1. Given R₀ = 35 Å, what would the calculated FRET efficiency be for residue 41 paired with residue 414, taking r from the Cβ atoms and rounding to 0.05?
2. Considering only 101, 337, 361, give the residue with the highest GNM mean-square fluctuation for the chain, with springs between Cα atoms whenever their separation is below 10 Å.
3. Please tell me the relative contact order of the chain in percent, rounded to the nearest whole number, where contacts are Cα pairs under 8 Å and at least six residues apart.
4. Fully extended, how many nm does the chain gain between residue 350 and residue 192 (0.36 nm per residue separation, minus their Cα-Cα distance)?
5. Keeping every protein chain in place, order 62, 79 by accessible area at 1.4 Å, biggest value first, i.e. largest first.
6. Mean separation of Cα pairs under 8 Å and 6+ residues apart, divided by the residue count of the stretch 301-421: what relative contact order is that in percent?
7. Which one, 224, 89, 183, has the greatest fluctuation when you compute a Gaussian network model over the chain with C-alpha springs under 10 angstrom?
Amino acid sequence: MAEARGQFSSKLGFILAAAGSAVGLGNIVAFPVMASKNGGAAFLIIYLLFIAFICYPVMLAEISMGRHTNRNPVGAFSELSAGHPGWRLAGILAILTPFMIAVFYTVITVWLVVYVKEIAFGRLDLLSNESTFGEVVARPSLFGYLLGLLGLIFTILLGGVKGGIERLARVLMPTLAVMLVALTLFVLTLDNAVAGIRYYLVPDFSRMDLSVINGALSQAFFSLSLGMGILITYGSYFSQQDSISQSTRMVAVADTSIAIFAGLLILPAIFAFDPNTNTEDLSTSSVGLIFSFLPQIFLSMQSAVGYFGASVVAISFFSLVFFAALTSLVSIIEIPISCWIDELKLTRRKAVLLQAVLLSIFSIPAIMSLGISDYFTNFTSYGGVTKSFFDLVSDVFYETILPLVGFTVCIFCVSVLFRRE
(Lines give C-alpha, C1' and ligand atoms only; values in the text may rest on other atoms or scores of the structure.)
Protein backbone atom coordinates (compact mmCIF):
# COMPACT_ATOMS: atom_id res chain seq x y z
CA MET A 1 0.00 0.00 0.00
CA ALA A 2 1.35 3.45 -0.92
CA GLU A 3 2.26 5.79 1.92
CA ALA A 4 -0.41 8.42 2.60
CA ARG A 5 0.98 11.87 1.89
CA GLY A 6 1.17 14.29 4.77
CA GLN A 7 -0.50 17.68 4.90
CA PHE A 8 -0.01 20.80 6.99
CA SER A 9 -2.71 21.18 9.60
CA SER A 10 -3.32 24.85 8.85
CA LYS A 11 -2.25 27.80 6.75
CA LEU A 12 -0.17 29.05 9.68
CA GLY A 13 1.63 25.71 9.81
CA PHE A 14 2.52 26.01 6.12
CA ILE A 15 3.67 29.63 6.50
CA LEU A 16 5.92 28.85 9.48
CA ALA A 17 7.37 25.75 7.81
CA ALA A 18 7.99 27.51 4.49
CA ALA A 19 9.52 30.51 6.26
CA GLY A 20 11.65 28.13 8.30
CA SER A 21 12.97 26.56 5.12
CA ALA A 22 13.83 29.97 3.70
CA VAL A 23 15.43 31.49 6.81
CA GLY A 24 18.98 30.21 7.14
CA LEU A 25 22.62 31.22 7.11
CA GLY A 26 22.04 33.29 3.99
CA ASN A 27 19.55 35.52 5.82
CA ILE A 28 21.34 35.81 9.14
CA VAL A 29 24.84 36.51 7.84
CA ALA A 30 25.28 36.62 4.06
CA PHE A 31 22.49 39.14 3.43
CA PRO A 32 23.81 41.87 5.78
CA VAL A 33 27.33 41.52 4.41
CA MET A 34 26.16 41.66 0.78
CA ALA A 35 24.00 44.69 1.51
CA SER A 36 26.82 46.54 3.29
CA LYS A 37 29.27 45.86 0.48
CA ASN A 38 26.90 46.76 -2.33
CA GLY A 39 25.42 50.12 -1.57
CA GLY A 40 23.46 49.56 1.63
CA ALA A 41 19.87 50.68 1.13
CA ALA A 42 20.41 50.84 -2.64
CA PHE A 43 21.00 47.08 -2.58
CA LEU A 44 17.94 46.63 -0.36
CA ILE A 45 15.74 48.52 -2.80
CA ILE A 46 16.82 46.35 -5.74
CA TYR A 47 16.50 43.22 -3.60
CA LEU A 48 12.93 44.12 -2.61
CA LEU A 49 12.01 44.84 -6.24
CA PHE A 50 13.27 41.39 -7.25
CA ILE A 51 11.32 39.81 -4.38
CA ALA A 52 8.10 41.53 -5.44
CA PHE A 53 8.26 41.23 -9.23
CA ILE A 54 10.30 38.08 -9.92
CA CYS A 55 10.59 35.84 -6.86
CA TYR A 56 7.02 36.16 -5.65
CA PRO A 57 5.56 34.95 -9.00
CA VAL A 58 8.06 32.06 -9.06
CA MET A 59 7.07 31.15 -5.50
CA LEU A 60 3.43 31.08 -6.58
CA ALA A 61 4.31 28.84 -9.52
CA GLU A 62 6.36 26.36 -7.45
CA ILE A 63 3.73 26.06 -4.71
CA SER A 64 1.00 25.70 -7.34
CA MET A 65 2.96 22.93 -9.08
CA GLY A 66 3.14 20.99 -5.83
CA ARG A 67 -0.49 21.49 -4.80
CA HIS A 68 -1.88 20.75 -8.26
CA THR A 69 0.02 17.46 -8.62
CA ASN A 70 0.40 16.38 -4.97
CA ARG A 71 3.87 15.26 -6.00
CA ASN A 72 7.54 15.89 -5.32
CA PRO A 73 9.61 17.89 -7.88
CA VAL A 74 10.31 14.84 -10.10
CA GLY A 75 6.65 13.86 -10.17
CA ALA A 76 5.43 17.45 -10.55
CA PHE A 77 7.68 18.23 -13.54
CA SER A 78 6.81 14.88 -15.14
CA GLU A 79 3.05 15.18 -14.71
CA LEU A 80 2.76 18.79 -15.79
CA SER A 81 4.97 18.23 -18.86
CA ALA A 82 3.12 15.01 -19.83
CA GLY A 83 6.21 12.91 -19.09
CA HIS A 84 8.69 14.92 -21.19
CA PRO A 85 12.15 13.43 -20.35
CA GLY A 86 13.88 16.81 -20.39
CA TRP A 87 11.59 18.28 -17.77
CA ARG A 88 11.82 15.09 -15.70
CA LEU A 89 15.59 15.64 -15.66
CA ALA A 90 14.93 19.13 -14.30
CA GLY A 91 12.90 17.51 -11.53
CA ILE A 92 15.74 15.12 -10.76
CA LEU A 93 18.14 18.07 -10.48
CA ALA A 94 15.67 19.70 -8.08
CA ILE A 95 16.03 16.59 -5.89
CA LEU A 96 19.79 16.13 -6.26
CA THR A 97 20.61 19.78 -5.56
CA PRO A 98 19.00 20.08 -2.11
CA PHE A 99 20.39 16.66 -1.19
CA MET A 100 23.95 17.79 -1.87
CA ILE A 101 23.37 21.22 -0.33
CA ALA A 102 22.23 19.37 2.80
CA VAL A 103 25.69 17.77 2.93
CA PHE A 104 27.65 20.97 3.50
CA TYR A 105 24.80 22.56 5.46
CA THR A 106 25.01 19.62 7.88
CA VAL A 107 28.73 20.20 8.37
CA ILE A 108 28.23 23.91 9.08
CA THR A 109 25.46 23.10 11.56
CA VAL A 110 27.82 20.71 13.37
CA TRP A 111 30.31 23.56 13.72
CA LEU A 112 27.55 25.73 15.19
CA VAL A 113 26.83 23.09 17.82
CA VAL A 114 30.52 22.97 18.75
CA TYR A 115 30.69 26.77 19.08
CA VAL A 116 27.60 26.88 21.30
CA LYS A 117 29.17 24.23 23.54
CA GLU A 118 32.56 25.99 23.67
CA ILE A 119 30.99 29.33 24.60
CA ALA A 120 28.82 27.65 27.25
CA PHE A 121 32.02 26.27 28.82
CA GLY A 122 33.54 29.75 29.01
CA ARG A 123 35.84 29.59 25.99
CA LEU A 124 34.74 32.66 24.04
CA ASP A 125 38.25 34.09 24.32
CA LEU A 126 39.67 30.92 22.74
CA LEU A 127 37.20 31.09 19.84
CA SER A 128 38.28 34.68 19.21
CA ASN A 129 41.77 33.56 18.19
CA GLU A 130 42.17 33.49 14.42
CA SER A 131 43.68 30.00 14.48
CA THR A 132 40.88 28.40 16.52
CA PHE A 133 38.44 27.86 13.67
CA GLY A 134 41.00 25.80 11.74
CA GLU A 135 41.62 23.72 14.85
CA VAL A 136 37.90 23.19 15.56
CA VAL A 137 37.04 21.94 12.06
CA ALA A 138 39.91 19.41 12.21
CA ARG A 139 38.77 17.74 15.42
CA PRO A 140 37.93 14.02 15.13
CA SER A 141 35.31 14.62 17.86
CA LEU A 142 33.13 16.24 15.18
CA PHE A 143 31.92 12.76 14.26
CA GLY A 144 30.16 12.50 17.62
CA TYR A 145 28.41 15.83 17.07
CA LEU A 146 27.50 14.74 13.54
CA LEU A 147 25.88 11.57 14.86
CA GLY A 148 23.87 13.53 17.42
CA LEU A 149 22.73 16.12 14.88
CA LEU A 150 21.66 13.49 12.34
CA GLY A 151 19.79 11.66 15.08
CA LEU A 152 17.90 14.86 15.97
CA ILE A 153 17.10 15.73 12.35
CA PHE A 154 15.82 12.32 11.33
CA THR A 155 13.82 11.94 14.54
CA ILE A 156 12.04 15.16 13.57
CA LEU A 157 11.50 13.91 10.02
CA LEU A 158 10.11 10.61 11.24
CA GLY A 159 7.30 12.64 12.79
CA GLY A 160 6.08 13.49 9.30
CA VAL A 161 4.64 16.75 8.04
CA LYS A 162 2.43 17.64 11.02
CA GLY A 163 4.21 15.86 13.85
CA GLY A 164 7.75 16.66 12.70
CA ILE A 165 8.26 19.55 10.29
CA GLU A 166 5.28 21.68 11.31
CA ARG A 167 5.80 21.09 15.03
CA LEU A 168 9.46 22.12 14.75
CA ALA A 169 8.55 25.27 12.80
CA ARG A 170 5.83 26.26 15.29
CA VAL A 171 8.40 26.23 18.10
CA LEU A 172 11.60 27.43 16.46
CA MET A 173 10.34 30.16 14.13
CA PRO A 174 8.73 32.30 16.86
CA THR A 175 11.74 31.57 19.09
CA LEU A 176 14.12 32.65 16.34
CA ALA A 177 12.14 35.87 15.73
CA VAL A 178 12.06 36.79 19.43
CA MET A 179 15.79 36.12 19.83
CA LEU A 180 16.63 38.15 16.75
CA VAL A 181 14.54 41.14 17.84
CA ALA A 182 15.92 40.99 21.39
CA LEU A 183 19.54 40.83 20.23
CA THR A 184 18.92 43.65 17.73
CA LEU A 185 17.40 45.91 20.39
CA PHE A 186 20.37 45.22 22.66
CA VAL A 187 22.89 46.06 19.94
CA LEU A 188 21.07 49.25 18.93
CA THR A 189 21.50 50.61 22.47
CA LEU A 190 25.30 50.43 22.22
CA ASP A 191 27.49 53.45 21.55
CA ASN A 192 28.45 53.93 17.89
CA ALA A 193 25.72 51.53 16.73
CA VAL A 194 24.25 54.39 14.70
CA ALA A 195 27.34 54.25 12.45
CA GLY A 196 26.43 50.72 11.47
CA ILE A 197 22.79 51.67 10.90
CA ARG A 198 23.89 54.56 8.70
CA TYR A 199 26.26 52.33 6.73
CA TYR A 200 23.58 49.69 6.29
CA LEU A 201 20.55 51.85 5.50
CA VAL A 202 21.87 54.97 3.76
CA PRO A 203 21.94 54.24 0.02
CA ASP A 204 25.17 54.56 -1.92
CA PHE A 205 24.16 54.41 -5.58
CA SER A 206 27.77 54.91 -6.73
CA ARG A 207 28.41 51.22 -6.00
CA MET A 208 25.61 49.99 -8.20
CA ASP A 209 26.60 47.98 -11.26
CA LEU A 210 25.52 44.80 -13.04
CA SER A 211 27.36 42.56 -10.59
CA VAL A 212 25.48 44.12 -7.68
CA ILE A 213 22.17 43.67 -9.48
CA ASN A 214 23.03 40.04 -10.21
CA GLY A 215 24.04 39.55 -6.58
CA ALA A 216 20.71 40.94 -5.38
CA LEU A 217 18.81 38.58 -7.69
CA SER A 218 20.87 35.56 -6.61
CA GLN A 219 20.41 36.45 -2.94
CA ALA A 220 16.64 36.79 -3.46
CA PHE A 221 16.43 33.33 -5.07
CA PHE A 222 18.62 31.70 -2.41
CA SER A 223 16.87 33.46 0.45
CA LEU A 224 13.40 32.27 -0.59
CA SER A 225 14.50 28.67 -1.32
CA LEU A 226 13.63 28.98 -5.02
CA GLY A 227 14.99 26.35 -7.36
CA MET A 228 15.52 23.82 -4.57
CA GLY A 229 12.26 21.90 -4.85
CA ILE A 230 11.30 22.88 -1.31
CA LEU A 231 8.29 24.99 -2.25
CA ILE A 232 7.09 22.40 -4.77
CA THR A 233 7.24 19.74 -2.06
CA TYR A 234 5.65 21.93 0.59
CA GLY A 235 3.00 22.94 -1.95
CA SER A 236 2.10 19.25 -2.25
CA TYR A 237 1.36 19.30 1.51
CA PHE A 238 -0.70 22.52 1.24
CA SER A 239 -4.45 22.36 1.77
CA GLN A 240 -6.66 22.85 -1.30
CA GLN A 241 -8.89 25.19 0.72
CA ASP A 242 -6.23 27.77 1.66
CA SER A 243 -5.10 30.72 -0.45
CA ILE A 244 -1.73 30.24 -2.11
CA SER A 245 -1.21 33.93 -2.89
CA GLN A 246 -1.94 35.15 0.64
CA SER A 247 0.25 32.49 2.26
CA THR A 248 3.08 33.10 -0.20
CA ARG A 249 3.06 36.84 0.54
CA MET A 250 3.34 36.13 4.25
CA VAL A 251 6.27 33.76 3.70
CA ALA A 252 8.06 36.35 1.56
CA VAL A 253 7.43 39.10 4.13
CA ALA A 254 8.62 36.93 7.02
CA ASP A 255 11.79 35.86 5.21
CA THR A 256 12.66 39.38 4.08
CA SER A 257 11.98 40.81 7.54
CA ILE A 258 14.39 38.32 9.14
CA ALA A 259 17.09 39.27 6.64
CA ILE A 260 16.63 43.01 7.23
CA PHE A 261 16.63 42.56 11.01
CA ALA A 262 19.81 40.50 10.73
CA GLY A 263 21.43 43.47 9.06
CA LEU A 264 20.27 45.70 11.92
CA LEU A 265 21.92 43.25 14.31
CA ILE A 266 25.26 42.49 12.68
CA LEU A 267 26.37 45.78 11.11
CA PRO A 268 25.65 48.00 14.15
CA ALA A 269 27.37 45.41 16.37
CA ILE A 270 30.49 45.49 14.24
CA PHE A 271 30.65 49.29 14.16
CA ALA A 272 29.75 49.62 17.84
CA PHE A 273 32.91 47.84 18.90
CA ASP A 274 35.15 48.96 16.05
CA PRO A 275 34.01 52.33 14.65
CA ASN A 276 36.90 52.27 12.15
CA THR A 277 35.75 49.01 10.58
CA ASN A 278 36.53 48.69 6.91
CA THR A 279 34.00 46.42 5.20
CA GLU A 280 36.78 45.02 3.05
CA ASP A 281 37.91 43.29 6.24
CA LEU A 282 34.63 41.40 6.39
CA SER A 283 34.75 37.99 4.80
CA THR A 284 32.57 37.51 1.75
CA SER A 285 31.99 34.00 3.07
CA SER A 286 29.19 33.59 5.59
CA VAL A 287 31.17 30.74 7.16
CA GLY A 288 34.22 32.92 7.64
CA LEU A 289 32.18 35.75 9.13
CA ILE A 290 30.37 33.55 11.64
CA PHE A 291 33.26 31.47 12.89
CA SER A 292 36.29 33.72 12.51
CA PHE A 293 35.16 37.35 12.80
CA LEU A 294 32.05 37.47 14.99
CA PRO A 295 33.60 35.81 18.09
CA GLN A 296 36.09 38.70 18.15
CA ILE A 297 33.19 41.16 18.08
CA PHE A 298 31.39 39.40 20.94
CA LEU A 299 34.57 39.22 23.04
CA SER A 300 35.05 42.97 22.64
CA MET A 301 31.68 43.42 24.39
CA GLN A 302 33.26 42.45 27.71
CA SER A 303 34.36 46.03 28.30
CA ALA A 304 30.67 47.02 28.35
CA VAL A 305 28.88 43.97 29.77
CA GLY A 306 31.69 41.85 31.22
CA TYR A 307 33.00 38.50 30.04
CA PHE A 308 29.91 36.63 31.25
CA GLY A 309 27.58 39.10 29.54
CA ALA A 310 29.57 38.88 26.30
CA SER A 311 29.37 35.09 26.48
CA VAL A 312 25.59 35.23 26.99
CA VAL A 313 25.18 37.44 23.93
CA ALA A 314 27.50 35.19 21.89
CA ILE A 315 25.73 31.97 22.87
CA SER A 316 22.38 33.62 22.12
CA PHE A 317 23.56 34.59 18.65
CA PHE A 318 25.05 31.20 17.80
CA SER A 319 21.90 29.51 19.11
CA LEU A 320 19.89 31.81 16.85
CA VAL A 321 21.96 30.81 13.84
CA PHE A 322 21.70 27.14 14.84
CA PHE A 323 17.89 27.35 14.95
CA ALA A 324 17.88 28.98 11.52
CA ALA A 325 20.21 26.31 10.14
CA LEU A 326 18.20 23.48 11.70
CA THR A 327 14.86 24.60 10.24
CA SER A 328 16.44 24.98 6.81
CA LEU A 329 18.21 21.64 7.06
CA VAL A 330 15.03 19.75 7.98
CA SER A 331 13.25 21.34 5.01
CA ILE A 332 16.06 20.56 2.60
CA ILE A 333 16.27 16.91 3.62
CA GLU A 334 12.50 16.48 3.32
CA ILE A 335 12.73 17.01 -0.47
CA PRO A 336 14.45 13.70 -1.35
CA ILE A 337 12.41 11.92 1.34
CA SER A 338 9.24 13.05 -0.41
CA CYS A 339 10.66 11.73 -3.68
CA TRP A 340 11.46 8.32 -2.19
CA ILE A 341 7.90 8.08 -0.85
CA ASP A 342 6.24 9.15 -4.13
CA GLU A 343 8.48 7.55 -6.73
CA LEU A 344 9.81 4.46 -4.93
CA LYS A 345 6.56 3.87 -2.96
CA LEU A 346 8.45 3.60 0.32
CA THR A 347 6.90 4.17 3.70
CA ARG A 348 8.05 7.35 5.45
CA ARG A 349 10.09 5.30 7.92
CA LYS A 350 11.96 3.50 5.12
CA ALA A 351 12.39 6.73 3.14
CA VAL A 352 13.82 8.51 6.20
CA LEU A 353 16.18 5.58 6.84
CA LEU A 354 17.35 5.59 3.22
CA GLN A 355 17.98 9.33 3.35
CA ALA A 356 19.82 8.99 6.67
CA VAL A 357 22.18 6.43 5.14
CA LEU A 358 22.78 8.50 2.00
CA LEU A 359 23.37 11.74 3.89
CA SER A 360 25.78 10.00 6.28
CA ILE A 361 27.77 8.57 3.36
CA PHE A 362 28.36 12.05 1.92
CA SER A 363 28.56 14.02 5.18
CA ILE A 364 31.42 11.94 6.59
CA PRO A 365 33.92 12.86 3.81
CA ALA A 366 32.64 16.45 3.90
CA ILE A 367 33.35 16.78 7.61
CA MET A 368 36.81 15.25 7.03
CA SER A 369 37.56 17.88 4.36
CA LEU A 370 39.03 20.59 6.53
CA GLY A 371 42.03 18.92 8.10
CA ILE A 372 40.94 15.54 9.42
CA SER A 373 41.85 13.73 6.17
CA ASP A 374 44.53 14.93 3.74
CA TYR A 375 42.80 13.06 0.92
CA PHE A 376 39.47 14.86 1.32
CA THR A 377 41.13 18.16 2.28
CA ASN A 378 43.06 18.18 -1.01
CA PHE A 379 40.39 16.36 -2.96
CA THR A 380 40.73 18.13 -6.32
CA SER A 381 41.88 21.35 -7.95
CA TYR A 382 40.40 23.75 -10.48
CA GLY A 383 40.94 27.38 -11.28
CA GLY A 384 44.51 26.95 -10.10
CA VAL A 385 43.35 26.33 -6.52
CA THR A 386 43.30 23.13 -4.46
CA LYS A 387 39.78 22.31 -3.33
CA SER A 388 38.45 20.06 -0.58
CA PHE A 389 35.49 17.73 -0.98
CA PHE A 390 33.47 20.25 1.06
CA ASP A 391 34.48 23.06 -1.34
CA LEU A 392 33.58 20.96 -4.37
CA VAL A 393 30.06 20.24 -3.10
CA SER A 394 29.52 23.90 -2.26
CA ASP A 395 30.89 25.26 -5.54
CA VAL A 396 29.12 22.80 -7.82
CA PHE A 397 25.70 22.63 -6.23
CA TYR A 398 25.21 25.84 -4.24
CA GLU A 399 27.03 28.24 -6.54
CA THR A 400 26.28 26.65 -9.92
CA ILE A 401 23.45 24.12 -10.15
CA LEU A 402 21.09 25.83 -7.68
CA PRO A 403 20.77 29.03 -9.78
CA LEU A 404 20.44 26.83 -12.89
CA VAL A 405 17.50 24.93 -11.35
CA GLY A 406 15.88 28.24 -10.35
CA PHE A 407 16.23 29.50 -13.91
CA THR A 408 14.80 26.20 -15.19
CA VAL A 409 11.69 26.66 -13.04
CA CYS A 410 11.16 30.08 -14.62
CA ILE A 411 11.49 28.63 -18.12
CA PHE A 412 9.13 25.78 -17.22
CA CYS A 413 6.52 28.19 -15.91
CA VAL A 414 6.60 30.24 -19.11
CA SER A 415 6.85 27.42 -21.66
CA VAL A 416 4.61 24.79 -20.06
CA LEU A 417 2.40 26.08 -17.28
CA PHE A 418 1.32 29.34 -18.86
CA ARG A 419 0.59 27.61 -22.17
CA ARG A 420 -1.68 25.18 -20.35
CA GLU A 421 -3.84 27.99 -19.06
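The values are calculated or read from the model by the stated rules, or taken from the named source; none is laboratory data. Model, not experiment: these values are computed from the prediction. Cβ sites come from the backbone with ideal geometry, for glycine too, and all protein chains shown count toward neighbours. Heads up: the accessible areas ignore ligands, DNA and RNA and are worked out on the full protein's heavy atoms, side chains in. Shrake-Rupley method; radii C 1.70, N 1.55, O 1.52, S 1.80 Å.
1. Working: r = 32 Å, r/R0 = 0.91.
Efficiency, rounded to the nearest 0.05: 0.65.
2. Largest GNM mean-square fluctuation: 361.
3. Values: 632 pairs, mean separation 152.9, N = 421.
Computed over the chain, the figure is 36 percent.
4. Numbers: separation 158, 0.36 × 158 = 56.88 nm, distance 5.46 nm.
Using 0.36 nm per residue and subtracting the Cα-Cα distance, I get 51.4 nm.
5. On the way: 62 0, 79 85 Å².
These residues rank, largest area first, as 79, 62.
6. RCO, the stretch 301-421: 10 percent.
7. 89
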